[in-house]
Amino acid sequence: MMFEQSLNRLELLTGKDALQQLNATKVIIFGVGGVGSWCAEALIRNGIGNLTIVDSDRICVTNINRQLQATSETVGKIKVDVLKKRLQSINPDASITALSKVYNKNSAQSFTIEQYHYCVDAIDSLSNKVELLVHAFTAGCKVYTALGAACKLDVSRIKTGSLWKSEGCHLGRFVRKRLRKRKFNGDIQCVYSDEMLPNTGEHLDGCGTDMCICPVSADPDNPDTDWCSLKKQINGSAVHITASFGFFLAGMITKDIVDQVTKTKEQP
């Protein structure tokens, strides 16, 4: 009852029918780092009643600058478990599932994506991102993807639109190239920015700290995990950018749901 009352301001904006639809909507988010964690919280605060969060990582000290669940007290803990606890404290009645596992071509079918209305891709790994986009779209989900959020400081340059029409984003270009190789042309909406700043700080090997909990080399049980130690380059990032990406994604989903309810009510 308390959470229903907490949505009073949102109900004034959307109407009761839209709130009921938000509560009935099922969303799955892949990747709950700098982008996905903020998207998850925004969705819960906007009344989404069924949310699944997927991420295989533990919280690293270098996550603190941009990831919602990362604090000095949570370093080393499982990301999805810490985030679930926070989300559940916001809405105890929400159905929140935390899956600490990798999404890749080998694990894809274990996620039963077809049961969800919306899928949010906030994965860093290019190969896993492309795999997810094809899988989720083919399964019938409405898919939203986050393109590159690193190396950016100007929030005014964040945009939304078709993945096929994004401009100035290196990750977007690579994603489209791989999708074309798979002869995929589905309509997927994205959040992106055409800003690309250079890294001006000192180059770091791995995460550059002695508190990193990533393995020094690849984990044989999770060969596709995007460990810091496997990255060719660590790019700089800022929370006002990554969080904005997450809020844009949550906003696109929320607006789509509200628009559908409004359209249905307007039909004779």
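Only the coordinates and a few stated rules stand behind these numbers; no lab work does. This is a predicted model, so every value here is computed, not measured. Virtual Cβ from ideal backbone geometry, glycine too; neighbours counted across all protein chains shown.
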So, over other residues within a Cβ distance under 13 Å of residue 263, counting Lys, Arg +1 and Asp, Glu -1, the net charge is -2
Please arrange 97, 254 by how many other C-beta atoms lie within 10 Å of their C-beta, fewest to most. 97, 254
Ignoring GluC sites (Glu not before Pro) that are buried or in helix or strand per DSSP, and keeping those with at most 16 other beta carbon atoms within 10 Å, what is the longest stretch of the chain between them? 74-166
Approximate shape of the stretch 99-156 as ellipsoid semi-axes (Cα gyration tensor, √5λ), whole Å, largest first: 23, 14, 9
At a threshold of 8 angstrom on Cα-Cα distance, excluding pairs fewer than six apart, so keeping six or more, what relative contact order does the stretch 13-166 reach in percent? 23
Taking the Cα centre of each part, how many Å lie between the stretch 1-42 and the stretch 51-104? 17
Given the DSSP H assignment, sum -39500 (n - 2.57) over each helix run of at least 4 residues in the chain and divide by its residue total; what's the result at 222 nm in deg cm²/dmol, nearest 500? -11000 deg cm²/dmol
Rounded tilt (10° steps) of 239-266 against the dominant C-alpha axis of the chain: 20
Given 79/129; 152/177; 79/183; 16/183; 26/129, the pairs whose alpha carbons are separated by over 30 Å: 79/183; 16/183
From the alpha carbon gyration tensor of the stretch 46-176, can you work out the equivalent ellipsoid semi-axes (sqrt of 5 times each eigenvalue) and give them in Å, largest to smallest? 24, 21, 15
The stretch 92-170 - charge dipole about Cα centre, Lys and Arg +1 at Cβ, Asp and Glu -1, debye rounded to 20: 180
Residue 58 long-range amide H proximity, modeled H, under 5 Å: 79
Normalised contact order of the chain, rounded percent, pairs of Cα under 8 Å and 6 or more residues apart: 22
Just to be sure I understand, if you calculate Rg and Dmax of the Cα atoms in Å for this structure, which of (i) 18.3, 64; (ii) 31.1, 91; (iii) 17.1, 51 do you get? (i)
Using the Cβ atoms and a cut-off under 14 Å, what net charge is assigned to the surroundings of residue 96, where Lys and Arg are +1 and Asp and Glu are -1? +2
